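Report on the structure given below.
The values are calculated or read from the model by the stated rules, or taken from the named source; none is laboratory data. Nothing here was measured: the structure is a model prediction, and the numbers come from that model. All Cβ positions, glycine included, derive from the backbone under ideal geometry; neighbour counts span all protein chains shown. When the accessible area is computed, the model is the full protein with side chains, heavy atoms only, and any ligands, DNA or RNA have been set aside. Shrake-Rupley method; radii C 1.70, N 1.55, O 1.52, S 1.80 Å.
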Amino acid sequence: SQTIHQWPATLVQPVGSPLSLECTVEGTSNPNLYWYRQAAGRGLQLLFYSVGIGQISSEVPQNLSASRPQDRQFILSSKKLLLSDSGFYLCAWSKENLRNQPQHFGDGTRLSIL
Amino acid sequence: QKEVEQNSGPLSVPEGAIASLNCTYSDRVSQSFFWYRQYSGKSPELIMSIYSNGDKEDGRFTAQLNKASQYVSLLIRDSQPSDSATYLCAVGGGSTLGRLYFGRGTQLTVWP
């Protein structure tokens, strides 16, 4: 069966510090991978998605970036965090390049910016 | 812009009642529809998928889809306090491969 791992679970960072969140998927090959952010009381905002190694699509221009160095690894980064970057960050996966597939979420990282 | 609309609630029902959650979507070519449950502080969990017009039942949950009206709903029978959560509607299968569009969710409270 497929599993998705996301870490850390919680993170407190000062404004202006860098960020690196990691997500890995097990039990499947060539998954589609996604990064979402959910601000308090808000809906899910898609940040990035990837259909393969090195292929990243950005949905919202901002100070975040994503990379996919390996097939089942997805990394979310920032060089300098802003207060507005606080939120619940979720990684998700779906079966490769297929329509009508659900997405499955990791446990998320709760990021607080001080 | 592909829109998915849900009543934000909160929806409050007594234990044992039927909870009805509704969702409308704007993209007529959508082909896949999902309901996720999100407990407070947790990540969304897939609970139902539906692809064809009509009803699909899974235990106490029934998903209903009407593509002509661009409407999908989730019924929870015999609601339990453990069903208290935010329910997210997600729509996919349009022009962007793999992309799902999420509503903002409906908060459900089931009181004993």
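General observations
- Of every Cα-Cα pair in region B:1-99, the percent that sits beyond 16 Å: 56 percent
- Nearest-10 value in Å² for the accessible area of residue B:43, using the 1.4 Å probe: 20 Å²
- Buried between B and A is an accessible area of approximately 1800 Å², summed over both sides with a 1.4 Å probe.
- In the context of the full set of protein chains, residues of chain B present 47 Å² of accessible surface per residue (probe radius 1.4 Å, heavy atoms only).
- At the residue level, residue B:42 shows approximately 120 square angstrom of accessible surface with a 1.4 angstrom probe and all protein chains present.
- Average accessible surface for region A:56-114: 48 Å² per residue, computed with a 1.4 Å probe over protein heavy atoms with every protein chain in place.
- Take each residue in B:72-82, count the other chain C-beta atoms within 10 Å of its C-beta, and the mean is 0.
- Cα shape, region A:21-114, gyration tensor, a/c 1.5 rule: prolate
- All distinct Cα pairs of the protein assembly as shown go into the 1/r average, and the inverse of that average, the Kirkwood radius, is 18.2 Å.
- Antiparallel DSSP beta bridges within chain A, percent to nearest 5: 90 percent
- Taking amide H as placed 1.01 Å from N in the peptide plane, residue B:109 has its amide H under 5 Å from the amide H of B:11, B:12, B:13, each at least 5 places away in sequence or on another chain.
- Amide H within-cut-off set for residue A:48, under 5 Å, with H built and near neighbours excluded: A:35, A:59
- Per-residue SASA entry for residue A:86, accessible area with 1.4 Å probe, Å² rounded to 10: 40 Å²
- Note, ³J(HN,Hα) from phi for region B:31-46, Karplus 6.51, -1.76, 1.60, rounded to Hz, x at Gly and Pro: 10, 9, 9, 9, 10, 10, 10, 10, 6, 4, x, 10, 8, x, 10, 5
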